[in-house]
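First up is the structure itself, then whatever we jot down about it.
The values are calculated or read from the model by the stated rules, or taken from the named source; none is laboratory data. The structure displayed is predicted, hence computed values, not measured ones. Reconstructed Cβ throughout: ideal geometry from the backbone, glycine too, with neighbour counts over all protein chains shown.
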C-alpha cells in the first residue's frame, strides 16, 4: 500500500469476496546436506488458498512445516518444487513485501532504541513521509497499549511488551496481509484477549491475517479457517466451525420440560408444551481435533486432506 495512507483509513470489509491473497501449488521444500543429499523433506506438495479478509490458522507440531511455509511465502526460502503466489505474484517478487506485515516468533529489534524510535526506524525503511509517520506511530502505540512506555529502551521491556511493539512494527506500513507467528506468546490473559480482539479488528478492516500458534484455544477463538500440517503434509483443511462439529451426535436444548419429556425429541417436546431452544450438532474442541489428526497421521502416513466445498 502507499506510504501516505492514513492508519485509520476506512477499508471495506472483504470477507467472502473470493479474492485470493495466498495460493500455493504443490509447494515443496527439501533441505539438503553439504553433499546435496536429501536431509529433511520439510514440506510436501502443499496446496492452499487464503482469501482476502479472512483469518487463517496454520497449525502443526514442531517440525510440521509451518515455519518453512511462512518463510516460503515471505520469499526468504525458495521452493524445491511447486509455487507460492502472493497477491497473484510469485513469492520471490520482493515488491510484494510493501503490502505485508510480519511478526516473527522472536522479534529482532534494536534493544537500545525506545518504542517511538523503533517505529520511526521501520517507518523510514518504507519511505513513509514524516508527518504521516508521526501520526501513524502515535496511533500504533495506543493501539498496542504501550504508549506510556514509549520512551523506555526495548531492553527494559518484558516479553509481553516486546510482542506488542513487534506487532506495532508489523503494522507500520499499513499492510494488507499480516503474518503472525505465535502472536500471544508471553502475554498475560488480559493481553492475550486484547491481542485476539485486535486480530479480529484487523479482519473487520478488510485485512487478511495468517497466524501460527501452539495455543489452540486462541486459534479456535479467532480463525475462520485452519490448516493442520504434520510431517510436512496437509492433514486437515476447512472452516473451524465445520471441522469441530460432531456429526453423529445431536444436541437438544429446551426449557420448561417435564422429566418425562426430556426422554423424547421434537414431536414429544411439542406434545408436552416444552419450548425447543435449539437442535444442532455439538462441537468438539480444536485441541481434541488437533490431537486426533496427528495421531491418525502417525497411524496412517500419507493420508491427505481435502477441503469440503460449501453445499457438498
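In the set (1) surrounded by 15 or more Cβ atoms within 10 Å (Cβ to Cβ); (2) assigned to a loop (DSSP other than H, G, I, E, B); (3) without any contact (Cβ under 8 Å) to a residue 40 or more places away in the chain, the condition left unmet by residue 151 is number (1).
Checking the structure you have, find out if any residue of the range 213-234 is outside any loop (DSSP other than H, G, I, E, B), surrounded by 13 or more Cβ atoms within 10 Å (Cβ to Cβ), out of contact with any helix residue (DSSP H, G or I) (no Cβ under 8 Å at 6 or more places or on another chain) and without any contact (Cβ under 8 Å) to a residue 40 or more places away in the chain. There is no residue in the range 213-234 that is outside any loop (DSSP other than H, G, I, E, B), surrounded by 13 or more Cβ atoms within 10 Å (Cβ to Cβ), out of contact with any helix residue (DSSP H, G or I) (no Cβ under 8 Å at 6 or more places or on another chain) and without any contact (Cβ under 8 Å) to a residue 40 or more places away in the chain. Going through (1) out of contact with any strand residue (DSSP E or B) (no Cβ under 8 Å at 6 or more places or on another chain); (2) more than 23 Å from residue 205 (Cβ to Cβ) one by one, residue 114 falls short only on (1). Scanning the range 155-195 for residues that are out of contact with any helix residue (DSSP H, G or I) (no Cβ under 8 Å at 6 or more places or on another chain) and within 23 Å of residue 126 (Cβ to Cβ) yields a count of 2.
Return the only residue of 102, 122, 108 being under 25 Å from the mean Cα position of the chain (by Cα) and in a loop (DSSP other than H, G, I, E, B). Write out each step before concluding.
Working: 102 fails: in a loop (DSSP other than H, G, I, E, B); 122 fails: in a loop (DSSP other than H, G, I, E, B).
Result of the check over 102, 122, 108: 108.
Residue by residue through the range 43-75, note down the ones that are in a loop (DSSP other than H, G, I, E, B) and without any contact (Cβ under 8 Å) to a residue 24 or more places away in the chain. Working first, answer last.
Applying the first criterion (in a loop (DSSP other than H, G, I, E, B)) to the range 43-75 yields 52-54, 60-65, 75.
The answer is 62, 75.
Quick one: is residue 16 farther than 30 Å from residue 124 by Cα and either in a helix (DSSP H, G or I) or modelled with pLDDT of 85 or more (or both)? Spelling it out, it is not the case that residue 16 is farther than 30 Å from residue 124 by Cα and either in a helix (DSSP H, G or I) or modelled with pLDDT of 85 or more (or both). When we screen 68, 80, 118 for residues that are in the same structural domain as residue 212 (by TED's automatic domain parsing) and surrounded by fewer than 19 Cβ atoms within 10 Å (Cβ to Cβ), the only hit is 80. Per this entry, residue 32 is not counted among residues that are at pLDDT 75 or above and surrounded by 15 or more Cβ atoms within 10 Å (Cβ to Cβ).
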